[in-house]
Structures are given as C-alpha cells and as structure tokens.
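The values are calculated or read from the model by the stated rules, or taken from the named source; none is laboratory data. All values reported here derive from a predicted model rather than from experimental measurement. Because the Cβ atoms are built from the backbone with ideal geometry, glycine has one as well, and the counts that use them run over all protein chains shown.
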Amino acid sequence: MEISKKNILEKIFDLIAHSKSPDHTLDQIVKCVAKVYQIDVCSVYVFDSNKEELVLRATVGLSKKSVDSISMKANEGLTGLVLETLKPVFVINPSDHLRYKYYKKSGEEIYHTFLGLPLLYHQNLLGVMVLQTIDKNTINKKDIPLFNNLSTQIAATVAYTGILEDLKTKKSQKKKGSVKSAADREKKYVRGISVGSGFTKGHAYYLKNSIGFDQIEDNFSLCSDTEINRLETAFSKSADDIKKVIKKTIESSGEENAILEAHLMYLRDRSFKNRIINIIKSGKSAEIALKTEVLSKIEFFESLDDPYLRDRGADIEDIGKRILGHLMNFSGTDIKNFGSDTILMAADLSPVDLINLNQSNLKGIVLSKGGKTSHTVILAKSFEIPIIIGARKLLKVIKHNDFIIMDASSGIIFRNPPTEIQNEYIRIEKENVKKIDRLNIIKDKPAITKDGYLVQLGSNIGLISDIDLMKKYGADFIGLYRTEFPFLIRKSFPTENEQFDLYKRVLEKADGKEMTIRTIDVGGDKLLPYFDYQKEENPFLGWRSVRISLDMDDIFREQIRAILRASFYGNLRILFPMITTVSELKKIIEILDQEKEKLKKDRIKFNESIDIGIMVEVPAAALILNHLIDHVDFVSIGTNDLVQYLLAVDRNNEKVAHLYTPFHPAVLSTIYKIVLTCNKNNKPVCICGEAATNNYLIALFIAMGVKLFSMNSVSVPYVKDFILKIERKKIEPVLKKVLTMDTSEEISEYLAKVILPDQTKFI
Ligand code: PEP
Ligand code: MG
C-alpha cells in the first residue's frame, strides 16, 4: 500500500497486525511518520514506569547507536518536559531552551524544531514521540493538534496490541534478568495540580489530624502477621500518648480527662481491636481494616436517638485518627516550629492554620485536596511558599520525613529523588535567578503594549508584610486589601482603634499609592476561630461576606469607622464584597453616610469624598450592574468567585477542579458585559481574581478594554513582561472570534495557537 497522510493510521495498524517483533514494528512506525510528513527525526521513547524514565527505543534520524542508551527522567531535557507536563512541547531552536539537554551520542544539534508528543492511553503515559526538523518551517505551531491526534491514535493502537509493554518487559529482563520486587516498584513521585510556580525542597511533614479516613484508599496486604503487629504497635503508642496527656492534666482533672479516659477505654477494648484484626485476616491492610471498623462504629453511633451517645461517634473518630497517625508514622506533636526545611503535607489546610504555621522553614505545601483559588492557595502565594493541590495519591507515595523536591510549576512531587534530578533542579534554580534579574530590569517600567495601550498592575494584599512584596515586585497600586486576613490571625475581633491603627500603618507604608480596602469577607473557607458559626451545608452560598457584615451591624460600623478615619492618611478607596442586590448596596451606603455624619459631628478627620466600589462576583450583580453602577465610583471583578458561582463549581473542591475554568464562554462573555457597562458609564473597572495572572486571559481582557489588574504581587513582573510583548490591535480580532466559540477547550486551544506560547502559566 502506498502510504500518504490520509492512510497513515491504516498503515500503522497494518504494521502492528503483521508485527514480526515489537522492535521491528516500532522501527517501521517511526520510518512511516518521518516519510509521510518529511520529518528529519522521528523517535519513540518508551516509558519505563519502574524506573520512572523514558528510554529511546526507535529512531529515524538520530544515531542508531543511541537506541537503548539514551534515557531521561522527568525534568531532564525537552523530552523529559513532555513527561513532566503530559502535554505537547513545541520549541523552535531547541538548543536555546532552558530545558534543552544535549546527548553527545545522538547527533541532534543540527535540528531547529522540536515537537515532543506524549503517547497517552487512558491517561497512562506509554511513551513520548519526538519529531525534529532541520528546516524551521517544516513543522509549525498550527500542526500541533494534527500530530497530537496522530500520537493519540498511535498510542491507542500500540496499547491495544501491548507492544510497548512487551518492550518494557523485554528491556528490564535483559538488564536485570529478573522481575523486580514489589519494593522496587514503589512510586518515586506523585502528581498534583499546579496552581503556581517555583520549586523547593525539604522533608515531608504530615500535619497531624489533617489526614482523615476519606484519604485512605482500599488496598490489600501480603502478610497479615505484619499488619497485625503494626496495628498492635499503633494501639500501644496511642495509649502511651493519652497516658502522657492525662499525667500532664491530672491537676485540672476536668472534663478533658474524662474524655481521654474514654479514649483509653476504646484502646483497651479487646473486641474493638479483634474486629479490626479479623478484617486484616481477610487480606486488608491495617489502615483499611481500621477505617472499616471505625466508620461502621461511627455510623452506628450516629443512628442512635440519644444525643449523648450520638456524640460518641466523634470520640471514636478521634481515637481512630490517632491510631491511623501512628500506623502512618506521622503522629508526632503538631509542632509550630519546624527545625529544618519542611514541606507540609495535609489533606487540606485552612487559611488560619497556614497563618499559624508560616515560618522561614516552611518551604512548601502539598495538599491532597484543595481548590485552585482557595484562600489557602492565595495566602501561600502571598507568603511566596510554593503550593501544589489535588495530589490525590500523596499518602500512598510520600512518607513522613521523606526528602522531597516539589515542582509547583508542573505539580510534581519527587520522593527521595536521585542526584540527577537534584542536579537538574540546581541548574533550573540558577536559570531562574537569571530570569528574575531580567524581570527586575522592567520593574519600574510602565506596563504598556507595543501599540501604546497603558495598563496599571496592582497587588492584592492581606497582611502588612505584603506591602514589602508589593514594592519588591513593582506594583502600581493596591487593588485589593483583604481585611479579613488580619481578623483571622487574632484571638478576638479587633476593636475600632486596633483596626484604625492597622489600616493607617498599611496606608502609610504604601507611600501614597492608591489602596482599595475591602470590608471583611469571612465565611466560606475563611472562618474566624473566635466566632461561633452554625455548621452550614453550603457555606459559599450561605452566611458569608457582606451578608455577615449587614447582620452584625456593630462590627460592620466599627470597621467602616476605622476605614474612614484611616482614609485621612493616604489614598484610600472602600470596596464591598459579594454584592447581590441593590437594596443591600443602598443599606451599606446608608450605614456609611451615617458613620460619616457621626465622625463629622465628633470632628474626626476623614476623606469625606472617599470613593466606594463593589465587587462584582455574584452573577446576579453582573446581570443588574446597570442598576448598581450609579451608586458606586468603581467596580472590581472578583473572578475567583464569579467563576465558582457562574459555573456552580466549588472553588475549593479538587474533585471538580477540572470544571473550574475562567475560559468558559459564560465567564468570558459575562466579564465582557461588565467591562462594557463600566466603560460606558465611565466607572473604572479592575480585574481582581487569579484570572488576572493568566496571560491568555489578560490579552483578552485588554482587548475588552480593561486597564486595571490586581493580582498576587509575585505575578506582577511576569504579567508586565507579557504585556510589553503584545499588540492590542492584534488581539481584538482574537477576542471577537473567542466570543463566538462554544467551549473552554476550544477557546484555550485557539489562544494557544495565536498567543505567545511560552507566556501562559498561572503564576
Ligand atoms: C475574587 O473572588 O475573585 C476575589 C478577588 O476575592 P476573594 O478571592 O477574596 O474571594
Ligand atoms: Mg471573592
């Protein structure tokens, strides 16, 4: 059969069907692709999951001697980048790229384009196909979807026939002469969701009590005796813990001791332990057996009518978690001071916990749950701590105290990485320093597009230390001061005077730069530790933000007075979050006016014509903006909440994180309408949430007519660097086209084709 672009897949299938050997077939496939597309180099690397590395198995164009002798880990070279990101990587002049790694034996230095494509089958990486050409124009960005499609089809076909599996087995048997042990097969890395950038290293520290039974996945054990021994040890260590605490608190002999005695009783209860042992004997691990028994006990207690007995479910959960902690080796005390560089591991972390744990030795955070725009993520960014969320397999792979390198840009966490990976990160660290030096040069330049469209880049701040970051990264203004953060770190509500002192200090530290202060937005995922909340089914749809402020009139008025008084000392504007109705806004303005009058009467100085604004972050506000706009001086678009409320996707829930996207057509068209309404009414509009750090989106917002962006300070230079490279008039037709598209995938793919490819990361 004559091969052409049309029938190449048919040909590949034919080759596989008549395969003499996997090696031969793979050889034929690369020849076939190279010939049909006139590619100079076509190579296939097979992924060896035991060693977590790619091995060159077939090539046209590279030296045949390099087959089997070139291998690379994630983080090594551009091919490793495909493994790391699981996405196509297209680079012109690869030898100039930060991640380029030259293999002496390969003879690849003459090639001017590099396209690496993951061979993915049902989310499993089978290998990587690499295409390289001498001529810069043989492959271009537009061809990526075509080759991606081809690689998907090849992956499916080879997976179907088991061809790559054959190659892997053959190779490992050839080298070792034996099948690897279960211990060798232990995973060396775990993947989570990237929500920022940076990488860091340190020892894994599991936060006690943050890991619950929902994190324990079903698994089997090979040796019941070992599991029973582990369980016995965990029981006796748990009992020792409790006895120690009882000893300490013996003087107080209050209710606390009674609870602890009850916990001790469970640990001495043979029938409780025996039921767990029986489950272990059915082939389960100690963790799963414990989980099964504890959950069934909780269920039993919860079904009882007696409220006292119902509460015993909580005791059983507590004691279960303590035993679990010992089984998993992370039940040390919850230290507040980390002795050495530490990467904190937890299922989830509240903003309050993060504030309490923040210290110089806290180098990184990995959460198995978490949402992309949760306030913990926002805070971690403002503390400049790399964070990864949604690492679901965390517990399975990383053990307490393991040495970790975490790469927040790609979402990978390496466990006890070998020296090659460590060295690779040392190299990247050096490159990053160069990049930061380059960004420093533009720090004091205005953010202006190549065709002269000037925008202002602001910082989102929360704590007073954020002002230093704002200065370090050269922001033009403070677009959002989240005042709830100082509320979160206190033991009680700050008084009016305490707030006034704080706001005045922040304002003075801002050196005359405009600052937009937002009244407290608690509730949702920001619960004040000293505040008695009723548990809510849907906290983000419940008692949150300005709804709390309006219900707690005294506290709201105190904050408003503190803000008004501080307004005398700098360039301050006041912003109200989560506005949903006109009557809410009118009520707020009435309170503001009343407080102004009182201050005037008391002859206290303040800025009488302070600008007031609203956050448009609830879809209702976007829809009735023309009714709200006359009452305000400016508008701030809170994209984090707008996305969650428009798409009905909890911003904190990793299970639906893939649905949380600002690229959804509903989000983009809503933002566009808000911007048009503001511009028509001459009211300044600022994009405020995390979407303001995504360059594709910034390009679209600029085309929409946005001139103000506010973001975490670290992102400011990256965003500025991008803005300096683009032309607004070229993005206007892109926006037009995007607004006609149906899906977020279509929009992102299209933007990836038309906007600078290397400038698109969420920072
Ligand atoms: C937003 O919702 O986009 C926003 C900026 O506010 P927060 O993240 O504090 O809810
Ligand atoms: Mg919000």
Checklist line | Condition check for L575: within 16 Å of ligand 2 (Cβ to nearest atom), touching a residue at least 40 places away in the same chain (Cβ under 8 Å) and among the aliphatic types (A, V, I, L, M) | finding: yes
Next item on the list: Read through the list (1) in contact with a strand residue (DSSP E or B) (Cβ under 6 Å, 6 or more places away or on another chain); (2) within 11 Å of ligand 1 (Cβ to nearest atom); (3) not in a helix (DSSP H, G or I), then give the number of the only condition that I614 fails.
Entry: (2)
Notebook entry, point to check: Just checking, how many residues over the range 517-538 are touching a strand residue (DSSP E or B) at 6+ places or on another chain (Cβ under 6 Å) and more than 13 Å from ligand 2 (Cβ to nearest atom)?
Noted result: 1
Next item on the list: Would you please name the residue that is nearest to T376 (Cα to Cα), looking only at residues in the range 676-694 that are assigned to a helix (DSSP H, G or I) and within 15 Å of ligand 1 (Cβ to nearest atom)?
Entry: E690
Note to self: Out of everything in the range 123-153 that is among the polar types (S, T, N, Q) and outside any helix (DSSP H, G or I), what residue ends up being farthest from V754 (Cα to Cα)?
What the structure shows: N124
Note to self: Among the residues in the range 500-516, are any surrounded by 15 or more Cβ atoms within 10 Å (Cβ to Cβ), within 16 Å of ligand 2 (Cβ to nearest atom), under 28 Å from the mean Cα position of the chain (by Cα) and at pLDDT 95 or above?
What the structure shows: yes
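Residues are listed down the side, and each one gets a yes or a no for (1) crowded, with 16+ Cβ neighbours inside 10 Å; (2) in the same structural domain as N682 (by TED's automatic domain parsing); (3) in a loop (DSSP other than H, G, I, E, B); (4) away from ligand 1 (no atom under 16 Å from the Cβ):
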{"position": "E558", "(1), (2), (3), (4)": "yes, yes, no, yes"}
{"position": "I563", "(1), (2), (3), (4)": "yes, yes, no, yes"}
{"position": "I588", "(1), (2), (3), (4)": "yes, yes, no, yes"}
{"position": "E595", "(1), (2), (3), (4)": "yes, yes, no, yes"}
{"position": "I610", "(1), (2), (3), (4)": "yes, yes, yes, yes"}
{"position": "A622", "(1), (2), (3), (4)": "yes, yes, no, no"}
{"position": "I629", "(1), (2), (3), (4)": "yes, yes, no, yes"}
Check: For the range 15-26, does any single residue satisfy the condition of being within 15 Å of L126 (Cβ to Cβ), at pLDDT 75 or above and in the same structural domain as H112 (by TED's automatic domain parsing)?
Finding: yes
Next item on the list: Go through the residues of the range 460-473 one by one and say whether even a single one is over 15 Å from A566 (Cβ atoms), in contact (Cβ under 8 Å) with a residue 40 or more places away in the chain, within 16 Å of ligand 2 (Cβ to nearest atom) and acidic (D, E).
Entry: no
Check: What are the residues in the range 49-62 that are touching a helix residue (DSSP H, G or I) at 6+ places or on another chain (Cβ under 6 Å) and surrounded by fewer than 21 Cβ atoms within 10 Å (Cβ to Cβ), if any?
Finding: V60
Check: Of all residues in the range 570-586 being under 33 Å from the mean Cα position of the chain (by Cα) and of a type outside the set (A, V, I, L, M, F, W, C), which is nearest to ligand 1 (Cβ to nearest atom)?
Finding: P577
Next item on the list: Starting from residues that are out of contact with any strand residue (DSSP E or B) (no Cβ under 7 Å at 6 or more places or on another chain) and part of a helix (DSSP H, G or I), keep the ones in the range 699-714 and report whichever is modelled with the lowest pLDDT.
Entry: V714
